[in-house]
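> Mind looking over this structure? Questions follow.
The values are calculated or read from the model by the stated rules, or taken from the named source; none is laboratory data. Because the structure is predicted, anything quoted here is derived from the model rather than measured. Reconstructed Cβ throughout: ideal geometry from the backbone, glycine too, with neighbour counts over all protein chains shown.
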Amino acid sequence: MVVFPELSLTGYTCGDIFHNSTLLDAVGPAIERVANATSRTDCPLVIIGAPIIYDGILYNCAVALGNGRVLAVIPKTYIPGYNEFYEKRWWASALERTGKWNSPSGDAVPFGTKVLLTRCGVKIAVEICEDLWTPIAPSCKATLAGAEVVANLSASDELIGKYKYLSDLVRQQSARCLCGYVYSSAGYGESSTDLVFDGKAFVIENGWLLASNHRWQRGSQYAVADIDIEALRRDRLHITSFDDCRRRNVDEEYLIVDCGGSLSEDKNRELLRYVSRLPFVPADDFTLRERCEEAIDIQVAGLCRRLEFTHCRSLVVGISGGLDSTLALLVAVRAFDKLGLDRKGICGVTMPGFGTTGRTHGNAVALMEALGVTTREIPIADAVNQHFSDIGHDPAVHDVTYENSQARERTQILMDIANQLGGMVLGTGDLSELALGWATYNGDHMSMYGVNAGVPKTLVKHLTRYFAMTCDDELCRKTLFDIIDTPISPELIPAAENGEIKQKTEDLVGPYELHDFFLYYTLRFGFRPSRIFMLALKAFDGEFDRAVIKHWMTVFFRRFFAQQFKRSCLPDGPKVGSVCLSPRGDWRMPSDASSALWLSECEKL
C-alpha cells in the first residue's frame, strides 16, 4: 500500500482556488492518469488525496486506486473551523455520508466514511488529518469494525513542539486500536505563504515506530516498512476487551471494497523492517536507561511489599559471583535502603563447591563487602561428599546427581539460615532459566520470593551494568564490571587445570541471545517456529547461520515443553515486562503438553 498526503493531487494550500472550475475540472483527468499507472499486476494499492464534488458539494477526499481504476472514495469526516472558518471555508463534512461516485472512467464507486478497503485479505481504514485529532477518531470505530491498518492522509503544518506531540498521538492511536498506522503528511511543495510543511511520514505498528522519513527535504521521499498483520491479529485475539468494546460501539455495517492481492509468501523478498537481536533490550541508550530504572523500581517495589507484609527484617541470598545473584543482591540492597532498614539485615552467603573458581568467589566476597551486607562463607564440598556416601554415588561420576546435589545442598543451607535469622530466602533465577528449565528442581528453583523471575538473561546483564554505571563506590563498580565479563556458569563441574571456568552454560543450552529471541516471539505473539525462524535469520544475519539457529530453536522448544513442571510450582515474583511465566498469571500450560507440532515444524526448517 502506498499512501500520499492530503490533497496530494492538487496541493493542500490552494486556498480559494479550490472553488475555481479550472482546477476542479482538471481533477478527474488527473485521477484517471494516476489510476492508469496502477494497472500493472505488481502495483500496490495507492491512496491519493483529491478534492471531489459529490451531489453538488465539495469534499476533501482520499481516493483509493488499483488495478487501473478508482476503487473507492473516502471523504474527510471532521473539518477544522477557526480563523475565519479555516477549512470549512472550502470543504463540507462528510459525517455519515454514503453513496456512489461516478469516476472519470464512468464506474460508480463507493463514496463515504463507512468504507473499508481490503488488500491481500487485510482490512484498511482511511482517515484524513483532523479526523485523528478528534476525541473519537473515525479510525476508532473502523478498527473495531475490523480494520487492521489505518491510512492517514494529512497536511499538518509544522510548529515548535508539534512533531513530538503528533508522533505521540499517532503512536497512541495505533496502540489503542491495535493496528498498523500509516501517516503521510504534506511537505516542501506546499505554499509557505503563512505555514510551513515538513513532510512527516510514519509507519507504526501497535504503538511501535517501524519507519519514519527525514523531514525538511526538498525532493520526493518516503518511509517504508512491513507491518506484521499476524502480530496484530494475535493481540486482538488475546486482548478480549477489544472485542467487548467492538460489540458495545460498532452498530453500523461498513462497506467492504475488495482491492485484490493475495497473501502468497515471497521468501526471496527482503523483510522491510528492523528486527532487533535483543527484543527485551531497547536499542538506544536513553530508552535503555529509562527501562533499566523502571525494571529495577518494579523489582524493588515488589520486594518491599513482601518484606513489609511479612514484617521481615532479614533476607538470605546465595551469592555466587554470577549475574543473577548479583542482580538479586543489588535489588535487595536498594529495597532495604528504601525501607530504611540496616543493610546488615541482608545475609549474603557464598558456598564454594567443586566448580567454584577464584574469580567468581573473589567477586562474590568483594561485592558483599562493598555493599556493606552481612557476609557468610560456608563451603559445601564436605557436606556433598557425605551425601554422596549416604546415597552411594561415586564422586568421580560428574552426572546430573553430582550437579544437582550441590544445588540442593546450597538451597538447604539458605533455607536453614533463613530459619535461624527469622528471614526469608531471596530467589535469584531469571526468566530465561525458567523458560529452559535451567534450574535444579527444589534446588535453586525454590525460594520465598523470586525477584528476578520476570527478567530475561539478556536484560539481567544490562541491569547489572546500569547499577555499575550509577554506583559511587569504585570497588563495587569494578567488581560489577568483572562479573558482567565473567562467562555464565553454574560452576557445578570442577574448573579447568588453569583455574578457569570449564562448564559454560551457553555451550550446553545455547546462546541466551537466541533463546530470549525465541522466548519473546513465542510468548508475546504466539508465533509458530517457521515465523520465528524467519525473523531470527533477519536479526542474527552474520552472527549465526541457519543450521545453528535451527539447532538451538529445536532445543528451545524441546526444553520449553519438557520443563513446564518446574514452572507450575514457582515461588512468587514480580512481573517486569510483557513476557512472564508465572503459573498464576501470564502463562498457564499443562506440564504434560505435547511439543510434537513445534518440533516437527523445526525439523522442516
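> Among the residues of segment 67-110 satisfying the criterion of being of a type in the set (Asp, Glu) and farther than 18 Å from residue 154 by Cβ, which is surrounded by the fewest Cβ atoms within 10 Å (Cβ to Cβ)? Please lay out each step first, then the result.
Step one: filter segment 67-110 for residues of a type in the set (Asp, Glu), giving 84, 87, 96, 107.
Next, from what is left, pick out any that are farther than 18 Å from residue 154 by Cβ: 84, 96, 107.
Working: 84: 7, 96: 10, 107: 13.
Filtering segment 67-110 for residues that are of a type in the set (Asp, Glu) and farther than 18 Å from residue 154 by Cβ, the one surrounded by the fewest Cβ atoms within 10 Å (Cβ to Cβ) comes out as 84.
> Is it fair to say residue 41 is farther than 24 Å from residue 26 by Cβ, in contact with a Lys or Arg (Cβ under 8 Å, 6 or more places away or on another chain) and at pLDDT below 95?
Numbers: farther than 24 Å from residue 26 by Cβ: yes; in contact with a Lys or Arg (Cβ under 8 Å, 6 or more places away or on another chain): no; at pLDDT below 95: yes.
Considered against the rule, which asks whether it is farther than 24 Å from residue 26 by Cβ, in contact with a Lys or Arg (Cβ under 8 Å, 6 or more places away or on another chain) and at pLDDT below 95, residue 41 comes out as no.
> Taking segment 428-447 as the region of interest, how many residues are under 21 Å from residue 332 (Cβ atoms) and of a type in the set (A, V, I, L, M, F, W, C)?
So in segment 428-447, the residues under 21 Å from residue 332 (Cβ atoms) come out as 428-434, 439, 443-447.
So of that shortlist, the ones also of a type in the set (A, V, I, L, M, F, W, C) come out as 431, 434, 439, 446.
Number of matching residues: 4.
> Here's something else I'd like to know. Which of the residues belonging to segment 447-460 are assigned to a loop (DSSP other than H, G, I, E, B) and surrounded by 23 or more Cβ atoms within 10 Å (Cβ to Cβ)?
First pass over segment 447-460, keeping only residues assigned to a loop (DSSP other than H, G, I, E, B): 447-448, 451-456.
Those that are assigned to a loop (DSSP other than H, G, I, E, B) and surrounded by 23 or more Cβ atoms within 10 Å (Cβ to Cβ): 447, 451, 452, 453, 454, 455, 456.
> Now, a different point. What number of residues in segment 461-491 are assigned to a loop (DSSP other than H, G, I, E, B) and more than 27 Å from residue 406 (Cα to Cα)? Talk me through it step by step, then tell me what you get.
Just the residues of segment 461-491 that are assigned to a loop (DSSP other than H, G, I, E, B), to begin with: 470-473, 486-491.
Still in the running and more than 27 Å from residue 406 (Cα to Cα): 470-473.
Matching residues across segment 461-491 total 4.
> So if I check each of 303, 339, which one is assigned by TED's automatic domain parsing to the domain that holds residue 404, at pLDDT 95 or above and surrounded by 18 or more Cβ atoms within 10 Å (Cβ to Cβ)? Walk me through it before giving the result.
Details: 339 fails: surrounded by 18 or more Cβ atoms within 10 Å (Cβ to Cβ).
Every option except 303 fails the conditions.
> Consider residue 118 carefully, then state whether it is in the same structural domain as residue 46 (by TED's automatic domain parsing) and in a loop (DSSP other than H, G, I, E, B).
Values: in the same structural domain as residue 46 (by TED's automatic domain parsing): yes; in a loop (DSSP other than H, G, I, E, B): no.
In short, no.
> Sticking with this structure for a sec: Suppose we keep only residues that are aromatic (Phe, Trp, Tyr) and touching a residue at least 60 places away in the same chain (Cβ under 8 Å) within segment 9-66. Which one would you say is surrounded by the fewest Cβ atoms within 10 Å (Cβ to Cβ)? Walk me through how you get there before you give the answer.
Start the filter on segment 9-66 by keeping residues that are aromatic (Phe, Trp, Tyr), which leaves 12, 18, 54, 59.
Retained after the next criterion (residues that are touching a residue at least 60 places away in the same chain (Cβ under 8 Å)): 12, 18.
Details: 12: 26, 18: 20.
Among them, the one singled out is 18.
> Moving on. Starting from segment 292-305, keep only residues that are touching a residue at least 24 places away in the same chain (Cβ under 8 Å), then list their pairs with residues that are of a type in the set (Phe, Trp, Tyr) and in a helix (DSSP H, G or I) whose Cβ atoms are within a distance under 8 Å, requiring at least 6 positions of separation or different chains.
Cβ pairs passing all conditions: 292/466; 293/466; 296/466; 296/467.
> Which condition number does residue 285 fail, the rest of (1) touching a residue at least 12 places away in the same chain (Cβ under 8 Å); (2) exposed (fewer than 14 other Cβ atoms within 10 Å of the Cβ); (3) within 30 Å of residue 468 (Cβ to Cβ) being met?
Against the list (1) touching a residue at least 12 places away in the same chain (Cβ under 8 Å); (2) exposed (fewer than 14 other Cβ atoms within 10 Å of the Cβ); (3) within 30 Å of residue 468 (Cβ to Cβ), residue 285 comes up short only on (1).
> Run residue 269 past the list (1) in contact with a helix residue (DSSP H, G or I) (Cβ under 9 Å, 6 or more places away or on another chain); (2) under 24 Å from residue 42 (Cα atoms); (3) modelled with pLDDT under 90 and report the number of the one that doesn't hold.
(1)
> While we're on this one: Condition (residue is among the hydroxyl-bearing types (Ser, Thr, Tyr) and surrounded by 22 or more Cβ atoms within 10 Å (Cβ to Cβ)) applied to segment 114-136: is it met by at least one residue? Working first, answer last.
Residues of segment 114-136 that are among the hydroxyl-bearing types (Ser, Thr, Tyr), as a first pass: 118, 134.
Adding the requirement that they be surrounded by 22 or more Cβ atoms within 10 Å (Cβ to Cβ) leaves none.
Checked segment 114-136: no residue is among the hydroxyl-bearing types (Ser, Thr, Tyr) and surrounded by 22 or more Cβ atoms within 10 Å (Cβ to Cβ).
> Considering only segment 333-342, state which residues are under 36 Å from the mean Cα position of the chain (by Cα) and not hydrophobic (A, V, I, L, M, F, W, C).
334, 337, 338, 340
> Mind checking which residues of segment 1-43 are under 19 Å from residue 127 (Cα atoms) and assigned to a loop (DSSP other than H, G, I, E, B)?
Selection gives 1, 4, 5, 6, 7, 8, 9, 10, 11.
> Restrict the check to segment 364-375 and report whether at least one residue is surrounded by fewer than 22 Cβ atoms within 10 Å (Cβ to Cβ) and part of a loop (DSSP other than H, G, I, E, B).
yes
> Scanning for something touching a Lys or Arg at 6+ places or on another chain (Cβ under 9 Å), of a type outside the set (S, T, N, Q) and buried (at least 24 other Cβ atoms within 10 Å of the Cβ), does segment 416-432 turn up at least one residue?
Looking for residues that are touching a Lys or Arg at 6+ places or on another chain (Cβ under 9 Å), of a type outside the set (S, T, N, Q) and buried (at least 24 other Cβ atoms within 10 Å of the Cβ), one finds at least one in segment 416-432, hence yes.
> So, one more: Looking at 458, 470, which is the one that is modelled with pLDDT of 90 or more and under 19 Å from the mean Cα position of the chain (by Cα)? Working first, answer last.
Working: 470 fails: under 19 Å from the mean Cα position of the chain (by Cα).
Among 458, 470, only 458 is modelled with pLDDT of 90 or more and under 19 Å from the mean Cα position of the chain (by Cα).
> Could you tell me whether any residue of segment 84-101 is on the phi > 0 side of the Ramachandran plot, out of contact with any Phe, Trp or Tyr (no Cβ under 8 Å at 6 or more places or on another chain), assigned to a loop (DSSP other than H, G, I, E, B) and touching a residue at least 24 places away in the same chain (Cβ under 8 Å)? Explain how you work it out, then say what you get.
The initial filter retains those residues of segment 84-101 that are on the phi > 0 side of the Ramachandran plot, namely 84-86, 95, 99.
Subset that is out of contact with any Phe, Trp or Tyr (no Cβ under 8 Å at 6 or more places or on another chain): 84-86, 95.
Imposing the further condition that a residue be assigned to a loop (DSSP other than H, G, I, E, B) reduces the set to 84-85, 95.
If we keep only those that are touching a residue at least 24 places away in the same chain (Cβ under 8 Å) as well, we get none.
No: segment 84-101 contains no residue that is on the phi > 0 side of the Ramachandran plot, out of contact with any Phe, Trp or Tyr (no Cβ under 8 Å at 6 or more places or on another chain), assigned to a loop (DSSP other than H, G, I, E, B) and touching a residue at least 24 places away in the same chain (Cβ under 8 Å).
> Just checking, does segment 219-236 include any residue being out of contact with any strand residue (DSSP E or B) (no Cβ under 9 Å at 6 or more places or on another chain) and more than 30 Å from residue 163 (Cα to Cα)?
Narrowing segment 219-236 to residues out of contact with any strand residue (DSSP E or B) (no Cβ under 9 Å at 6 or more places or on another chain): 219-220, 230, 233-236.
Among the residues that remain, those that are also more than 30 Å from residue 163 (Cα to Cα) are: 234.
The answer is yes, given that some residue of segment 219-236 is out of contact with any strand residue (DSSP E or B) (no Cβ under 9 Å at 6 or more places or on another chain) and more than 30 Å from residue 163 (Cα to Cα).
> Moving on to the next point. Restrict the check to segment 127-138 and report whether at least one residue is out of contact with any Gly (no Cβ under 9 Å at 6 or more places or on another chain), touching a residue at least 60 places away in the same chain (Cβ under 8 Å), in the same structural domain as residue 233 (by TED's automatic domain parsing) and assigned to a helix (DSSP H, G or I).
Yes, that holds for at least one residue.
> In segment 128-148, is there at least one residue being of a type outside the set (Val, Ile, Thr), within 26 Å of the chain's Cα centre (by Cα) and on the phi > 0 side of the Ramachandran plot?
yes
> While we're here: Go through segment 380-395 and count every residue that is closer than 23 Å to residue 438 by Cα and either among the aromatic types (Phe, Trp, Tyr) or in a loop (DSSP other than H, G, I, E, B) (or both).
Qualifying residue count for the region: 4.
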